[in-house]
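Nothing in this text is a laboratory measurement; each read-out follows from the coordinates by a stated rule. The shown structure was predicted, so the numbers you read here are calculated from the model rather than taken from an experiment. A quick note on method: Cβ atoms are made from the backbone with ideal geometry, for glycine too, and the neighbour counts reach across all protein chains shown.
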Amino acid sequence: MTSGVAVLDTSTNRLYAGGNSTGYYASASVVKTLIAARLLIEKKMHGVVATKARAMITQSDNDAAWALYPSVGKDALLPWMERHYGIEIGAPPTMPGIWGSTQISARGIVTFYAAVRHDKAVWPWLSSAMHDYAPRSSSGEPNLFGIAVPAPGAAVKNGWDTNRDVKAPSNAIVNSTGFVQGDRYAVAILSEGAGSLYYSGGERIVTDEATILLPHGRVV
C-alpha cells in the first residue's frame, strides 16, 4: 500500500509527517467527521439528526451518512469547511454525489481535526462520539484496526472502501484517523493499495503502521 501519515500536536501546532502526507486519498468514512462538524456548527444536531449522526460516527453507519449528506451541502461540504476554518483539507468528491470519494490528505485531515479540537461548538459532541467507536460497523465490518489497536483509548474514525479511485476503481482504501494521548495529538494514516488487500489485509498493514507510529499508544 501507499500511505500518507501525519501527526499534529494540537497544543503546540507542531506537525510531523511521513510518506505521501500531502497526497490526496479517498476519504471513505473519514468524511463523516466533516458531516457531523457542519451539523454542529449550524446547530442542526438534535432529534433524529443527532441519532443518525451518532450512529454515523460510532458505528460508521452508511445509511445515516447518505441521509445527512444533503443537509450539509453534498459535494460542497469540504470547500465550505475549508472556508469556515481557513484551512486546506483536500478536494471535493471525484465521483459526484459520492461522499466516500471526497479527497483528503493526511496533513489536511489532522489540520481539520486540530480546528475542531478548539471549536467549542463541535468538539464536545464529536469527541464523545469518536471515543465511543464500536468494534464493528452497523454492517458488521471490523472497526478495531489502525490507531485503535496500539491506543485503545483513542478517539477514532476509521474508513474503508473500494471503487472510490476513478483511476484505479478496484483499489482498496483503508484509513485510520483520530486523537491520542488525552486528545492532544491528531493522527491520520491514509492508505491505498491493490483490491486484494480489502479489507483485512489492508487493515493489518495500517495497524502495523499505527503500532510503529504509536508505541505503547503514545507519540514518541
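Among the residues making up the range 208-220, those that are more than 15 Å from the chain's Cα centre (by Cα) and touching a residue at least 60 places away in the same chain (Cβ under 8 Å) are Glu209, Thr211, Leu213, Leu214, Pro215, His216, Gly217, Arg218, Val219. Restricting attention to the range 149-172, does a residue exist that is crowded, with 18+ Cβ neighbours inside 10 Å, charged (D, E, K, R) and either more than 24 Å from Met95 (Cα to Cα) or within 14 Å of the chain's Cα centre (by Cα) (or both)? Yes, that holds for at least one residue.
Taking the criterion of being without any contact (Cβ under 8 Å) to a residue 60 or more places away in the chain and out of contact with any Asp or Glu (no Cβ under 8 Å at 6 or more places or on another chain), the residues of the range 149-167 that qualify are Val156, Thr162, Asn163, Lys167.
Inside the range 52-101, residues that are polar (S, T, N, Q) and farther than 20 Å from Asn143 by Cα make up a count of 2.
Filtering Thr22, Thr94, Thr10, Thr58 for residues that are surrounded by 15 or more Cβ atoms within 10 Å (Cβ to Cβ), within 15 Å of Ala188 (Cα to Cα) and in contact (Cβ under 8 Å) with a residue 24 or more places away in the chain leaves a single hit, Thr10. Just one of Trp99, Trp80 is over 22 Å from Ser60 (Cβ atoms) and either surrounded by 22 or more Cβ atoms within 10 Å (Cβ to Cβ) or in contact (Cβ under 8 Å) with a residue 24 or more places away in the chain (or both); which is it? Only one candidate qualifies: Trp80.
Of the numbered criteria (1) surrounded by 15 or more Cβ atoms within 10 Å (Cβ to Cβ); (2) of a type outside the set (D, E, K, R); (3) out of contact with any helix residue (DSSP H, G or I) (no Cβ under 9 Å at 6 or more places or on another chain); (4) within 26 Å of His46 (Cβ to Cβ), the one Ser138 fails is (3).
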